[in-house]
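One structure is given here, and the rest of the page talks about it.
The values are calculated or read from the model by the stated rules, or taken from the named source; none is laboratory data. Please read all numbers here as calculations on a predicted model, not as lab measurements. Cβ placement follows ideal geometry from the backbone for every residue including glycine, while neighbour counts extend to all protein chains displayed. Remember, those area values only see protein heavy atoms, side chains included, never the ligands or the DNA or RNA. Shrake-Rupley method; radii C 1.70, N 1.55, O 1.52, S 1.80 Å.
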Amino acid sequence: MTNPALQYPIFGPEIQCPHCRHVIPALTLTDTYLCQRHGAFEADPKTKELVHLQSSRHWRLWGDEWYRQHTHPDGIRFEIHEALDRLYTQGYRATRVIIAHRYHDLVSAYLERTTPWRGQRDQESGTRHRLYGLPVEFSPTADEDARWGVINFDLIKEPGTPIRYPYFRLFE
């Protein structure tokens, strides 16, 4: 008798679509999930990634959340911008952005650089890099903290609205 679990891709008989969050079924005896709105996603058992077949975008699962794996700096910058907008509508403001270390080389050239005054570093954050006016830090490596091998960034937030809402500068 065949084990029913072996008839489905590595993530099980159904998952949430990474785009629309609707529950989508697996196609039995394949590594594919099919969303009525977004098309086919293929699960790669070796990398544990979900690949959208039409766009070739890669996704990884952490907790119950899918995280897109970026290959271009505009993708991660846009995702951070969207998250900042969501914070704003929820009554929070970001005070700092922590970006996954694996994106350091990808995004460093696109970060705002503050010039230290009299050789001083930015007093409030200890960093000289900014994105959308916010101090930027890079996470520990995935070897030090496994979640950073999947998630892309984290926003440090506090209640309140931004003083000048600096996030309007999407792609400067």
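Things worth noting here:
- Residue in segment 20-33 that is open to solvent by less than 80 Å² (accessible area, probe 1.4 Å) and in contact with a helix residue (DSSP H, G or I) (Cβ under 8 Å, 6 or more places away or on another chain) present: yes
- Hey, V23 modelled with pLDDT of 95 or more, under 14 Å from the mean Cα position of the chain (by Cα) and on the phi < 0 side of the Ramachandran plot or not: no
- Within segment 96-115, tally of residues that are among the polar types (S, T, N, Q), touching a strand residue (DSSP E or B) at 6+ places or on another chain (Cβ under 8 Å) and over 14 Å from H72 (Cα atoms): 1
- Test: residue in segment 128-142 that is part of a helix (DSSP H, G or I), at pLDDT 95 or above, closer than 22 Å to W62 by Cα and open to solvent by less than 80 Å² (accessible area, probe 1.4 Å): no
- Within segment 34-60, the set of residues being of a type in the set (A, V, I, L, M, F, W, C) and open to solvent by 70 Å² or more (accessible area, probe 1.4 Å) comprises L53 only.
Conditions tested, residue by residue: (1) free of Cβ contacts under 8 Å to residues at least 40 places away in the same chain; (2) open to solvent by less than 70 Å² (accessible area, probe 1.4 Å).
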| residue | (1), (2) |
| --- | --- |
| W62 | no, no |
| F78 | no, no |
| A83 | no, yes |
| R93 | no, yes |
| V97 | no, yes |
| R102 | no, no |
| L106 | yes, yes |
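- Test for W66: is it touching a helix residue (DSSP H, G or I) at 6+ places or on another chain (Cβ under 8 Å) and of a type outside the set (G, A, S): no
Here is a yes/no grid of residues against (1) closer than 23 Å to E144 by Cβ; (2) of a type in the set (A, V, I, L, M, F, W, C):
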position	(1), (2)
Y88	no, no
R93	no, no
V97	yes, yes
Y103	yes, no
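- Among the criteria (1) at pLDDT below 80; (2) surrounded by fewer than 11 Cβ atoms within 10 Å (Cβ to Cβ); (3) charged (D, E, K, R); (4) in contact with a Phe, Trp or Tyr (Cβ under 9 Å, 6 or more places away or on another chain), the one R169 does not fulfil is (2).
- If you filter segment 1-19 down to residues that are open to solvent by 70 Å² or more (accessible area, probe 1.4 Å) and of a type in the set (S, T, N, Q), you find that the one that is modelled with the highest pLDDT is Q16.
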